[in-house]
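Since the structure comes first, as structure tokens, the remarks are kept for the end.
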Amino acid sequence: MATIQLDVTREHCPMTFVKTKIALSKLNSGDQLEVLVTEGEPLENIPKSSTEQGYNVLGISHVIDNIHKIIIGK
Amino acid sequence: MSIIVNGKEQIITENAISLLDLIKQNNVKQPEMVSVQLNGQFVDRVVFSETKIKEGDEVDFLYFMGGGQQKKLSLISFSGDFDKLVAAFTLASGAAAVGYEVNLFFTFWGLNAIKNERGRKAIGKGFLARFFGFLQGGRNNVPLSRLNFAGLSPKLMTYMMRKRNVATLDELIDASIALNVNLYACEMSGIILGHTKDTYIPEIKEILGVAKFLEISEGGRTLFI
């Protein structure tokens with residue numbers, strides 16, 4: 001059970017969810033992806049599109065300032 | 001009583017209401033196809049009429065697209081301009097990242113973006129084809145659709161994109177390939193310019209024509225860029 005970490009706080013559309021999706025597609029069953037995002041579009045869209053594509057959003061937490069962490073599992 | 005429907009507060013006049021009645025009241029589209037979560041748990045369709053909604057319940061109406069048919073986007077890349085290629089690959093990679101099936105069909109000037117040869121080279125069959133092939137060049141030579149400044153602008157634009165951490169054209173193309181966007185080349189314009197399958201990058205799935213394109217893009221949306 002591996003945990004991969006990804007930081008897309010410095011990226012802009014579409015790379016925020018493009019890089020997240022590429023990381024998600026490399027997960028094996030039981031793995032987790034921890035992705036750091038900024039408030040706004042990525043924070044709203046990434047949990048939604050991950051769920052739509054069959055991944056499990058295990059948690060969303062506030063880290064510091066406008067940065068949040070989303071934990072997604074397969 | 002107050003409940004939450006799809007994340008928004010809703011005031012219900014009755015003291016108790018069945019899930020089925022709530023669906024009717026909300027004019028939910030395609031009620032026979034909607035899936036419902038009550039307080040985070042899926043509710044089996046057969047018990048909709050017996051399931052009672054109470055104060056503070058959270059109801060979510062969800063639709064699951066089957067077969068991927070409806071989430072399909074096909075883009076025809078004709079102009080081959082730098083800015084329009086950025087738009088095409090942004091749409092392609094973005095849509096693919098949210099689960100769309102994406103087709104990119106390159107024709108005429110768009111073919112320059114997918115040639116193996118990134119610079120100006122006299123490729124093609126026959127003098128005229130090689131003449132045009134040289135002038136058109138490859139991915140390094142694609143012009144900005146306006147204010148090209150003799151080819152300086154695409155370089156300036158790429159510099160600005162890197163500086164602001166916005167994906168460059170190459171990054172968008174790599175991302176699209178990584179997300180399995182289907183890339184196709186136009187048979188007709190390829191023949192005019194004397195191209196073969198080896199002229200293009202290996203990620204091009206097929207060289208095809210209008211009939212096959214219409215078949216591939218059936219059921220989704222098509223955009224001409």
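Where a number appears in this text, it was derived from the coordinates with a stated rule and is not lab data. The shown structure was predicted, so the numbers you read here are calculated from the model rather than taken from an experiment. Heads up, the Cβs are rebuilt from the backbone with ideal geometry, glycines too, and the neighbour counts pull from every protein chain shown.
How long are the semi-axes of the equivalent ellipsoid of the stretch B:2-62, defined as square roots of 5 times the Cα gyration tensor eigenvalues? Whole Å, largest first. Show your work: numbers first, answer last.
Numbers: eigenvalues 51, 29, 27 Å².
Working through the eigenvalues yields semi-axes of 16, 12, 12 Å.
Tell me, what ³J(HN,Hα) does each residue in the stretch B:33-40 have, in order and in whole Hz, if you take phi through Karplus 6.51 cos²θ - 1.76 cosθ + 1.60 with θ = phi - 60° and put x for Gly and Pro?
10, 6, 9, 10, 10, 10, 6, x
So which GluC sites (Glu not before Pro) in the stretch B:21-115 pass both tests, a DSSP loop state and at most 11 other Cβ atoms within 10 Å of the Cβ?
Values: sites: B:E32, B:E50, B:E55, B:E58, B:E101; in loops: B:E32, B:E50, B:E55.
Passing sites in the stretch B:21-115 are B:E32, B:E50, B:E55.
Send over the semi-axes of the protein assembly as shown's equivalent ellipsoid, whole angstrom and largest first, taken as the square roots of 5 times the C-alpha gyration tensor eigenvalues. Don't jump to the answer; show the numbers that get you there.
Values: eigenvalues 419, 107, 52 Å².
In descending order, the three semi-axes are 46, 23, 16 Å.
From the backbone phi of the stretch B:88-105, what are the Karplus-calculated ³J(HN,Hα) couplings (6.51 cos²θ - 1.76 cosθ + 1.60, θ = phi - 60°) in whole Hz, Gly and Pro given as x?
Computed from phi, the couplings for the stretch B:88-105 are 4, 6, 5, 4, 5, 5, x, 5, 4, 5, 9, x, 6, 8, 10, 10, 10, 10 Hz.
Do any of B:K72/B:K115; A:K26/A:K48; B:K72/B:K125; A:K74/B:K212; A:K19/B:K24; A:K26/B:K121 go past 29 Å between their Cα atoms, and which? Walk me through the intermediate numbers first.
Working: B:K72/B:K115 25 Å; A:K26/A:K48 19 Å; B:K72/B:K125 36 Å; A:K74/B:K212 36 Å; A:K19/B:K24 40 Å; A:K26/B:K121 38 Å.
Correct reply: B:K72/B:K125; A:K74/B:K212; A:K19/B:K24; A:K26/B:K121.
Along the positive direction of the dipole of the stretch A:3-73 (beta-carbon charges: Lys, Arg +1; Asp, Glu -1; about the Cα centre), which of A:V57, A:H68, A:A23 reaches farthest?
A:A23
Size of the dipole of chain B about the Cα centre, Lys and Arg at +1 and Asp and Glu at -1 on the beta carbon, nothing else charged, in debye to 20? Walk me through the numbers before you get to the answer.
On the way: 25 positive and 23 negative charges, 300 e Å.
My answer is approximately 1440 debye.
About the Cα centre of the stretch B:31-125, how large is the charge dipole given +1 on each Lys and Arg Cβ and -1 on each Asp and Glu Cβ? Please answer in debye to the nearest 20.
Numbers: 11 positive and 11 negative charges, 206 e Å.
The dipole magnitude comes to about 1000 debye.
Just flag the trypsin sites (Lys or Arg not before Pro) in the stretch B:95-133 sitting in loop per DSSP whose Cβ has no more than 13 other Cβ atoms within 10 Å.
Numbers: sites: B:K115, B:R118, B:R120, B:K121, B:K125, B:R130; in loops: B:R118, B:R120, B:K121, B:K125.
Within the stretch B:95-133, the qualifying trypsin sites (Lys or Arg not before Pro) (loop, at most 13 other Cβ atoms within 10 Å) are B:K125.
Given q = 0.17, 0.24, 0.28 Å⁻¹, what are the Debye log10 I(q)/I(0) values for the stretch B:17-93, with equal point scatterers placed on the Cα positions and solvent ignored?
-0.70, -1.10, -1.33
Identify which of B:L104, B:L214, B:L169 has the largest mean-square fluctuation in a Gaussian network model of chain B, with springs joining Cα atoms closer than 10 Å.
B:L214
Can you find, among A:P47, B:L135, B:L91, the residue sitting farthest towards the positive end of the charge dipole of the protein assembly as shown, where Lys and Arg contribute +1 and Asp and Glu -1 at Cβ?
Toward the positive end, the furthest listed residue is B:L135.
Between B:I17 and residues 5 or more places away or on another chain, which pairs have amide H atoms under 5 Å apart, with H built 1.01 Å from N, and which residues are they?
Amide H neighbours of B:I17: B:I53.
Give, rounded to the nearest 20 debye, the magnitude of the charge dipole that the protein assembly as shown has about its Cα centre when Lys and Arg contribute +1 at Cβ and Asp and Glu contribute -1 at Cβ.
Values: 32 positive and 32 negative charges, 328 e Å.
In total the dipole reaches around 1580 debye.
Just to compare against my own numbers: the Cα pair-distance distribution for the stretch B:72-224, 10 Å bins, whole % per bin, please.
Here the calculated profile for the stretch B:72-224 is 11, 41, 35, 12, 0.
Leaving out same-chain residues fewer than 8 places away, which aspartates and glutamates sit with a Cα under 12 Å from that of B:K197?
Result set, ordered by chain and number: B:E187, B:E206.
Counting Lys +1, Arg +1, Asp -1, Glu -1, what net charge surrounds B:R146 among other residues with beta carbon under 14 Å of its beta carbon?
Neighbourhood net charge equals -1.
If you wrap a convex hull around the alpha carbons of chain A, what volume per residue comes out, as a whole number of Å³? It would help to have the intermediate numbers written out before the result.
Values: hull volume 5.4 nm³, N = 74.
Taking the convex hull of the Cα positions in chain A, it is 73 Å³ per residue.
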